[in-house]
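The values are calculated or read from the model by the stated rules, or taken from the named source; none is laboratory data. A quick note: this is a predicted structure, and the numbers were derived from the prediction, not measured. Cβ: placed from backbone, ideal geometry, glycine included. Neighbour counts: every protein chain shown.
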Ligand SMILES: [Zn+2]
């Protein structure tokens, strides 16, 4: 059996002023072609590694096409996306004939003029392989599923875990559904769309209320008549007509049952919709809570300047607060400010620089903070992850620096990636375990590496381009909960 694999993955914020350019695809997690895709994925927590494990076990020839992941940001220009997808499709044509196609996708990719990169990739792949070759895809739990995706794919398998520690495991699951299909199963898929927001703070797999959702999902998946089933929490930083959460159920040749099960699960999620919402304290209020509790290191998780959701990562609210309160052994991870990183590189280790930090991407990110900082360390931003999420993978954050002003540490980066573990800061000489206060620009993924060392974690909401208070939707399906009464 011959199965082609590849995919263009992006989580696109249509509210981010920062476009996703070709250089972002080339860096990010990487732009991998042909055999280099399989070589780089071995043992790493991506869906492709899951596909590889099943292929090796089952004696399937896996044909690697093209795979690329740019860090979340604004839409990619039309010509950049076209260049990437054209190469993916040309490589697929060269790989023919194939018995199946396993795509690794995100599910929230937007290019200029293309609302859904995933629908577009599925459509182009379908045009090449025809109606009878199964196409299946792994998606992030933060996907928005368009009607076209459900029509064009034979099965969709979505991460269960947030932090996403199960990406490779879902790749295994998806490839196993493919193998069953090639041996005679007939996947029939239904999707129930739920027009609602699902706060990141209510999606942590290990904690209530999300653990209850996953328990219920596992019961559904355990049914012998279900090939696979998934819940997605959606990505509401994309202003699109199909934005929202939902449920996918794939049965074996029983479309009515798939429809019924997706609707039953969807009805329950909808009836509980208030449970998936969160009111976030301001950073000021969070610090008060932290000091009262007295458990350190204490983490303020900046939900709206989460670079993992495509935010610019240069909001200054938490930095300003730490400074105003005169906090020592405090650190901001990571401040995305290439200008400051380059100034640090130009000055060199041991030098002192006076610079305006942050708030350069948009006025909504606050005001820059003038600081006089000592350059503790600099590097090129290339670092090996060592935490549960991407252990063995490589971060590419461009020129980076560890800067200090009076006990307040900044890890300044040029790229935009949320902290996932302690390795990147450690490479720059900052031991996060020794800090009392950590301001982290991440909604949930930081927990994979930081929850084990944290005395306290408080999710905070602060002004940013992603602050729901200042976002204006134009294309969202209405009514949309909780923006509208339903
Ligand atoms: Zn995600």
Would you confirm whether any residue within segment 158-169 is in a helix (DSSP H, G or I), at pLDDT 95 or above and within 12 Å of the ligand (Cβ to nearest atom)?
-> yes
For segment 414-424, state whether one or more residues are free of Cβ contacts under 8 Å to residues at least 12 places away in the same chain and out of contact with any helix residue (DSSP H, G or I) (no Cβ under 6 Å at 6 or more places or on another chain).
-> no
Look at residue 173 and say whether it is crowded, with 20+ Cβ neighbours inside 10 Å and either outside the structural domain of residue 98 (by TED's automatic domain parsing) or more than 16 Å from the ligand (Cβ to nearest atom) (or both).
-> yes
Might you check whether a residue that is under 20 Å from residue 274 (Cβ atoms), more than 16 Å from the ligand (Cβ to nearest atom) and free of Cβ contacts under 8 Å to residues at least 40 places away in the same chain occurs anywhere in segment 199-207?
-> yes
Might you let me know whether segment 408-430 holds any residue that is in a helix (DSSP H, G or I), more than 22 Å from residue 343 (Cβ to Cβ) and modelled with pLDDT of 95 or more?
-> yes
Yes or no: residue 219 in the same structural domain as residue 59 (by TED's automatic domain parsing), assigned to a helix (DSSP H, G or I) and either without any contact (Cβ under 8 Å) to a residue 40 or more places away in the chain or more than 24 Å from residue 253 (Cα to Cα) (or both)?
-> yes
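Quick one: would you say residue 9 is closer than 25 Å to residue 181 by Cβ, in contact with a strand residue (DSSP E or B) (Cβ under 8 Å, 6 or more places away or on another chain) and at pLDDT 95 or above? Show your work before the answer.
Values: closer than 25 Å to residue 181 by Cβ: yes; in contact with a strand residue (DSSP E or B) (Cβ under 8 Å, 6 or more places away or on another chain): yes; at pLDDT 95 or above: yes.
Yes; evaluated as a whole, the condition is true for this residue.
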Which one is farthest from the ligand (Cβ to nearest atom) among residues in segment 222-235 that are in a loop (DSSP other than H, G, I, E, B) and under 15 Å from residue 141 (Cα atoms)?
-> 234
Scanning segment 9-59 residue by residue, the ones that are within 16 Å of the ligand (Cβ to nearest atom) and either free of Cβ contacts under 8 Å to residues at least 40 places away in the same chain or assigned to a strand (DSSP E or B) (or both) total 3
Could you grab me the full set of residues in segment 89-105 that are surrounded by fewer than 24 Cβ atoms within 10 Å (Cβ to Cβ) and touching a residue at least 40 places away in the same chain (Cβ under 8 Å)?
-> 91, 92, 95, 97, 98, 99, 100
Those residues that are part of a loop (DSSP other than H, G, I, E, B) and either more than 16 Å from the ligand (Cβ to nearest atom) or outside the structural domain of residue 376 (by TED's automatic domain parsing) (or both), I need them from segment 434-463; list them, please.
-> 435, 436, 451, 452, 453, 454, 455, 461, 462, 463
Strands (runs of 3 or more DSSP E) wholly inside segment 267-375 that include at least 3 residues being surrounded by 24 or more Cβ atoms within 10 Å (Cβ to Cβ) and either within 16 Å of the ligand (Cβ to nearest atom) or modelled with pLDDT of 95 or more (or both) = 298-302, 330-336
Residue identified as part of a helix (DSSP H, G or I), farther than 17 Å from residue 54 by Cα, more than 15 Å from the ligand (Cβ to nearest atom) and modelled with pLDDT of 95 or more among 120, 132 | 120
Please identify the pairs in which a residue from segment 368-393 that is on the phi > 0 side of the Ramachandran plot has its Cβ atom under 8 Å from the Cβ atom of a residue that is in a strand (DSSP E or B) and modelled with pLDDT of 95 or more, counting only partners at least 6 apart or on another chain.
-> 381/400; 381/413
Looking at (1) within 16 Å of the ligand (Cβ to nearest atom); (2) over 22 Å from the mean Cα position of the chain (by Cα), which is the only condition residue 431 fails?
-> (1)
Condition test on residue 113, is it in the same structural domain as residue 8 (by TED's automatic domain parsing), over 23 Å from the mean Cα position of the chain (by Cα), at positive phi and surrounded by fewer than 22 Cβ atoms within 10 Å (Cβ to Cβ)?
-> no
